[in-house]
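This report concerns only the one structure given below.
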Amino acid sequence: MIKEMSTIDKLLEGVEVEWKMLGEVATITIGEFVHQNNQDKSDEFPVYNGGIGPTGYYKNFNNTGDKIIVSARGANAGFVNRISKPYWAGNSCYSIGIKDVTSLNWLFVYYFLKGNENKLIGSQQKGSIPSVSKGQMEKIPIPIPPLSVQKEIVRILDTFTELTAELTAELTAELTARKKQYNFYREQLLNFDTTTKGTKNTKEVVWKTLGEICDVFTGGEAPLNCIKGDTPNNIYKFPIYGNGADIYGYSDTYRIDKDAVTISSIGANTGTIYYRKAFFTPIIRLKVVIPKNQDILPRYLFHYLNSITISSKSSSVPNMNASDVKKILIPIPSLEEQARIVSILDTFDTLTTSISEGLPKEIELRKKQYEYYREHLLTFDDHQHV
């Protein structure tokens, strides 16, 4: 990084920069409304309006590409994007085209505006629909260093953009492969055949309902003595779990003193399974399942329940009660076989979780690195006041 920064500093050393308003160096036009009924996903040209991505596709285009677009209205008013191919700009989309391409690189302007995107969004005109006016756009001051410097800055930032995209694609592909691998082995290991025929797992098992082999508890209200958030302290150190993946908070007491499986029992998360270590408190919308004896391993129970679809009652709000949970059938092989299954699936689960957690962290790191270089490359003096 030190070497790269030295190269960038040398690039910008002694560079003379002229500042002009965006309206002086670019044309800013608002698009034209095209009804959704006239759009079709099979059409060729993307339609852009006030959002981050295309709102649809249309058979015609009203811009030839190599343009910067800015959302004019809506929650994302001020969002900056670039379009290289022909597209249709809707009536909530500004298209910015450079007047003199021999002195100003359109991608250089894009990166500068993107670097000031948060300021632009922060300057939205308030009302029933947030907006950014054409007048605001025209008054944005744009730095104009020599064209050779502009092109080199674009090259550097394009490289960072491509590297970030490649990294994201590679990590996402790796995560997808690990999930498929995990699901394959889980299917093979946990798909027991009650007739002991076919290609399924033919290990000897006993089928029982959860109600026969487990105690099922329903979560209640959050403890009075608790702190919300994901940070415990010396007093409030026992986690409180609700319907989702996140921790609701911490308490100085606990209700469950054994390792357990929890099942979300109401709302969109109904049927979602989590494994929870001992000493925690479940709150409303959560069912807790704990083996009654040592004939079944809690971790095996977790993997099996995760391998099946747990349906909810037909209702406007999906839900399930304790009696529904108790009716779920569970195959119970020997403890030795359960431990073998757990060992294999835990390995894949650890790999998948590691990638799942590492992916956003790595992408965020690359994003910060990219933004750091962009700011350094595009900070010429104190005139940046979008």
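The values are calculated or read from the model by the stated rules, or taken from the named source; none is laboratory data. Note that the structure is a prediction, hence the values are computed from the model and not measured. Glycine gets a Cβ as well: all are built from the backbone with ideal geometry, and neighbour counts include every protein chain shown.
When Tyr300 is tested against (1) hydroxyl-bearing (Ser, Thr, Tyr); (2) out of contact with any strand residue (DSSP E or B) (no Cβ under 6 Å at 6 or more places or on another chain); (3) within 26 Å of Glu221 (Cβ to Cβ); (4) at pLDDT 95 or above, just one condition goes unmet, and that condition is (3). When segment 126-164 is filtered for residues that are under 14 Å from Tyr94 (Cβ atoms) and surrounded by fewer than 17 Cβ atoms within 10 Å (Cβ to Cβ), the ones remaining, listed by number, are Ser133, Lys134, Gly135, Glu138, Lys139. The residue that is nearest to Asn225 (Cα to Cα), among those in segment 238-271 that are β-branched (Val, Ile, Thr) and modelled with pLDDT of 90 or more, is Thr253. When segment 269-287 is limited to residues that are outside any loop (DSSP other than H, G, I, E, B) and basic (Lys, Arg), the one that is surrounded by the fewest Cβ atoms within 10 Å (Cβ to Cβ) turns out to be Arg276.
Figure legend. Inter-residue proximity from segment 107-135: first residues on the phi > 0 side of the Ramachandran plot, second residues among the hydroxyl-bearing types (Ser, Thr, Tyr) and not in a loop (DSSP other than H, G, I, E, B), beta-carbon distance below 6 Å, spacing 6+ or different chains. No pairs are indicated. Being under 32 Å from the mean Cα position of the chain (by Cα), under 29 Å from Tyr370 (Cα atoms), modelled with pLDDT of 90 or more and not assigned by TED's automatic domain parsing to the domain that holds Ile30 is a property that Arg155 has. Please determine, by comparing only the residues of segment 207-217 that are in a strand (DSSP E or B) and surrounded by 13 or more Cβ atoms within 10 Å (Cβ to Cβ), which one is modelled with the lowest pLDDT. Selected residue: Phe217. Summed over segment 220-265, residues that are closer than 16 Å to Arg276 by Cα and of a type in the set (A, V, I, L, M, F, W, C) total 8. Selection over segment 315-330 of residues that are buried (at least 18 other Cβ atoms within 10 Å of the Cβ) and within 19 Å of Trp207 (Cβ to Cβ) gives a count of 4. Exactly one residue out of Val101, Val154, Val132 is in contact with a Leu (Cβ under 7 Å, 6 or more places away or on another chain) and more than 22 Å from Glu364 (Cα to Cα): that is Val132. Screening Ser343, Ser311, Ser356 for residues that are in contact (Cβ under 8 Å) with a residue 12 or more places away in the chain, part of a helix (DSSP H, G or I) and surrounded by fewer than 16 Cβ atoms within 10 Å (Cβ to Cβ) leaves exactly one candidate, Ser356. Would you call Ile290 in the same structural domain as Glu221 (by TED's automatic domain parsing), farther than 27 Å from Glu357 by Cα, aliphatic (A, V, I, L, M) and touching a Lys or Arg at 6+ places or on another chain (Cβ under 6 Å)? The answer is yes for Ile290.
Meeting the requirement of 2 or more residues that are assigned by TED's automatic domain parsing to the domain that holds Gly122, among the aliphatic types (A, V, I, L, M) and surrounded by 19 or more Cβ atoms within 10 Å (Cβ to Cβ), the strands (runs of 3 or more DSSP E) wholly within segment 50-101 are 67-71, 80-83, 93-98. Looking across Ser334, Ser323, Ser307, Ser311, one residue alone is more than 25 Å from Arg186 (Cα to Cα) and not acidic (Asp, Glu). It is Ser323. Scanning segment 215-261 for residues that are touching a residue at least 40 places away in the same chain (Cβ under 8 Å) and under 24 Å from the mean Cα position of the chain (by Cα) yields Tyr241, Gly242, Asn243. Leu224: hydrophobic (A, V, I, L, M, F, W, C) and either surrounded by 21 or more Cβ atoms within 10 Å (Cβ to Cβ) or in contact with a Cys (Cβ under 6 Å, 6 or more places away or on another chain) (or both), yes or no? Answer is no for this residue. Residues of segment 218-243 that are in contact with a strand residue (DSSP E or B) (Cβ under 7 Å, 6 or more places away or on another chain) and assigned to a loop (DSSP other than H, G, I, E, B): Gly219, Glu221, Ala222, Pro223, Asn225, Gly229, Asp230, Pro232, Tyr236, Lys237, Gly242, Asn243. Taken over segment 184-206, the criterion of being in a helix (DSSP H, G or I) and either modelled with pLDDT under 80 or under 15 Å from Arg340 (Cβ atoms) (or both) is satisfied by Tyr185, Arg186, Gln188, Leu189, Leu190.
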